[in-house]
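Working notes, beginning with the structure itself.
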Amino acid sequence: MSVSRLLSRKGLGRLAVFLAVYGLIAVMAQEPPAGSPPDAPPSAVAPQAPEPGAAPAPVPAAPAPEPAPAAAAPVQPAAPAVPPESVQPVSPDTPPAAAVPVAPADPAAAATAAAAPTEASAAPPAPAAEPAAGAAPDAAAGAPAAPEWFDKSRAPIALIIAVIGGLVTWFTLSAQRGKEMFIRRISGLSALDDAVGRATEMGRGVLYIPGIWDMDDIQTVAGVTILGHVAKKTAEYDTPLFAPMTRSFVMSVAQEVVKQSYLEKGRADAFRPDRINYLTDDQFGYVAGVGGIMMREKPAACFYLGCFFAESLILAETGSAVGAIQIAGTAEPSQIPFFVAACDYTLIGEELFAASAYLSKNPKEVGSLKGSDMSKLIIIVAILIGTFLVTVSQTPFGESNYWLKRATEQYLSWLSIE
């Protein structure tokens with residue numbers, strides 16, 4: 001099957017718009033070329049030629065330097081007497097050191113040397129030569145170079161974006177056409193239904209906490225998404241669901257998600273919005289309130305799926321004290337060990353983000369998940385190839401092989417992203 005048949009017009013249009021917007025942003029953000037000539041300073045502009053018949057502009061005289069303090073001159077032998085006619089005239093603009101009498105050997109040469117400064121100062125400045133017609137302008141005053149449409153140093157970024165976008169589009173379209181996509185089994189998510197069933201058999205409720213962060217955190221979004229799946233099971237089994245929140249906005253979103261789940265199962269009358277309530281924004285005040293709910297209601301299943309910090313172990317220990325089966329999941333590396341030690345099942349890192357696609361089997365979510373996984377695989381392979389080339393180039397064989405060293409340098413320079 002050809003690629004043109006697999007990619008629909010809608011998908012190609014979106015990809016083309018995305019690449020066009022990215023190219024426009026790259027052109028606007030790039031810096032001017034390093035070799036472009038700077039603007040000419042005002043002093044570098046050539047003087048204009050005077051009009052014919054106009055008097056030449058006077059040349060401003062340079063300011064006379066202040067006379068330096070006289071220093072003690074060393075004693076010299078007496079020079080022969082010099083007639084007054086051979087002494088050079090002293091100009092007002094001439095420093096005092098220039099008034100020392102000089103006795104030339106030829107009187108005619110002395111007269112010529114004395115008249116030369118006077119004639120040079122009285123002569124008008126020569127007009128600047130006009131540029132010839134059709135002559136090229138000066139390089140310093142020329143127009144700046146036009147910006148490039150594509151910065152070659154950004155080629156790796158463009159390639160990465162194209163590969164990731166192409167893979168996500170490919171797998172999404174394949175999933176929409178009914179192709180089976182393999183997603184490895186995640187034990188914690190597979191145990192969600194069993195935990196709700198266990199709570200139903202024991203006649204006790206279910207406690208769900210989507211983290212302590214606001215809706216601007218991706219972990220909270222993932223936790224609220226899984227809450228919708230759990231709410232469908234509690235509505236189907238008629239099991240009480242308790243979901244205390246630490247953010248008022250998260251409470252509003254969670255109420256709507258749970259309400260929609262109950263409506264889909266035809267149990268809108270069983271929805272209890274008072275059980276999805278707001279406690280406090282304070283971290284340990286919230287933990288104290290949740291601990292009180294656990295001790296009073298004694299839920300048979302506790303789910304902690306979201307962003308957690310120092311309160312993770314307190315919640316897990318309290319749930320273990322009431323005999324609840326506990327399933328936790330977070331992307332915070334510092335809290336994963338506590339959940340692993342105190343809970344029955346733990347979703348580690350990106351397993352929390354893959355939960356929505358794993359539970360719903362939505363083609364768009366499954367295609368996005370598979371595309372991102374394949375992109376990570378390609379990046380890992382590229383890193384391994386670079387590691388192998390660098391390792392081999394450091395051996396005696398690599399040191400003596402010019403082409404291997406050259407290939408390694410080119411590969412690393414191409415992969416480097418500034």
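Coordinate-derived values only; no laboratory data. Computed from a prediction, not measured in an experiment: that's the story for all the values here. With ideal geometry, Cβ positions are generated from the backbone for all residues, glycine too; neighbour counts draw on all protein chains shown.
Structure notes:
- Treating r as the C-beta distance of residue 252 and residue 158 and R0 as 41 Å, the FRET efficiency rounds to 0.50.
- Built amide H within the under 5 Å cut-off of residue 332, gap 5+: 308
- For residue 325, the residues whose modelled amide H falls within less than 5 Å of its own, excluding neighbours fewer than 5 places apart on the same chain, are 301, 302.
- Cα shape, segment 187-361, gyration tensor, a/c 1.5 rule: rounded
- Per-pair calculated FRET efficiency, R0 = 56 Å: residue 402 and residue 194 via Cβ, rounded to 0.05: 0.35
- Additional length obtainable on full extension of the chain from residue 18 to residue 394, 0.36 nm per residue less Cα span: 131.2 nm
- Principal axis box of segment 146-215, alpha-carbon based, largest edge first, Å: 74, 36, 18
- Cβ-to-Cβ counts within 10 Å put 238, 269 in ascending order as 269, 238, the fewest first.
- Here the Karplus curve 6.51 cos²θ - 1.76 cosθ + 1.60, taken at θ = phi - 60°, turns the phi angles of segment 166-172 into couplings of x, 5, 4, 5, 4, 5, 5 Hz, with x standing for Gly and Pro.
- Taking label points 7 Å from Cα along the Cα-to-Cβ direction, residue 260 and residue 376 give a separation of 2.6 nm.
- Each of 154, 272 has some number of other Cβ atoms within 10 Å of its Cβ, and from fewest to most they run 272, 154.
- Gain in span if fully extended, residue 313 to residue 295, counting 0.36 nm per residue against the direct Cα distance: 4.9 nm
- In a fully extended conformation the segment linking residue 387 and residue 270 would gain 36.2 nm over its present Cα-Cα distance, using 0.36 nm per residue.
- Gyration tensor verdict on segment 366-415 (Cα atoms; rounded if a/c is under 1.5, prolate if a/b is larger than b/c, oblate otherwise): prolate
- Between segment 376-396 and segment 195-218, the Cα center-to-center distance that results, in Å: 44 Å
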